[in-house]
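The structure appears right after this line, and notes come after that.
The values are calculated or read from the model by the stated rules, or taken from the named source; none is laboratory data. Everything quoted here is computed from the prediction, not taken from an experiment. All Cβ positions, even for glycine, are placed from backbone atoms using ideal geometry, and neighbour counts span all protein chains on display.
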Amino acid sequence: MNLKSLPGNFLQLLPVLAAAACLAAPLTAAAQAWPTRQPIKLVAVFPPGGSVDQVARILAPPLAQQLGANVIVDNKGGASGSIGAAFVAAAPPDGYTFAVVFDTHGVNPALIPNLPFDSKKDLTPLVLVGTSPMVLATYAGSSYQSLAEVVAAARAGKNVSYGTIGSGSLGHVAMELLGKSSNIPWAHIPYKGGGPLMNDAVAGHVPLSIGSVFVTKPHIDSKRMRPLAVTTSKRSADLPDVPTMAESGYPGFEAPAWWAVLAPAKTPPDILKKMNEALNKVLSSPEVASRLQAQGINVVGGTGDSARVFIDKQMDIWAKVVKDNNIKAD
């Protein structure tokens, strides 16, 4: 080709095009080499023992098999999952670091001032793993047999407190909404994840707990916890005898727990596509689906776009609740 025959403005663009090609080359090379260059890290944004940790550990082995790569779980808990999410948001967008998040991810932007990342812009949803009711429960030796008895005790001036997986968690916000809208003076006790919460709840150190079916049901099955109500509009198939909050006198109350996998923004589309396909194959496998369903999780799966729509809606819903009810993180 004779460069002199090209238009002058095109010649002026050549250095820019060359620079752009150089910048794109590392990402292209990373996408081509993925996922064999190094282990893939699933960052569980809560400590070991809770539902996020367990979901990550259920997904990791079959995901490694699907991808033909090493997949490890790395727990980075704290600040209702925002520390782990911030770590992933700041990670290189090369397909080797992903976040496994909980419903707190949809509440944190409204409750935690000065988050070091933008929840909508700095993280890309890959897949919605599933949803689940939360369960308000009490320990086996408690005198409470229903939500109505709890409310009556609180209004009578008794010291009624409830534990959650952390300050600013969906359980915290949902209980604060219920308390403020219905004049129920209960106190919040935040824990650092589902594992620590359940340890104290089973022992009766906190009279009430609100957590996902995932972390609560094993203790209900062992008769160490007594369920009082679930937070979804329909009863849980795993706890068919447990009434909903609406059935307990609070119509319209809806607060599902959920889990999702996110990637750093600017991760190459080809990697996002392959990772989404691998995750959906894992979620559709009978073994993984049954393990998640056994813990009360309704498996969802689907595209990254559908996950984004769901998560953005959760952020918008709970931001309004936090603002309208002046809810603060403890």
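So here's what we get for this one:
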quantity	calculated
Helices (runs of 4 or more DSSP H) lying entirely in region 1-113 (those with 3 or more residues that are modelled with pLDDT of 95 or more)	51-67, 82-89
Given (1) in contact with a strand residue (DSSP E or B) (Cβ under 9 Å, 6 or more places away or on another chain); (2) farther than 23 Å from G130 by Cβ, index of the condition M245 fails	(2)
Helices (runs of 4 or more DSSP H) wholly inside region 156-236 that include at least 3 residues being farther than 24 Å from N326 by Cα	194-203, 213-221
Search result, residues across region 268-327 that are touching an Asp or Glu at 6+ places or on another chain (Cβ under 6 Å) and loosely packed, with under 15 Cβ neighbours inside 10 Å	none
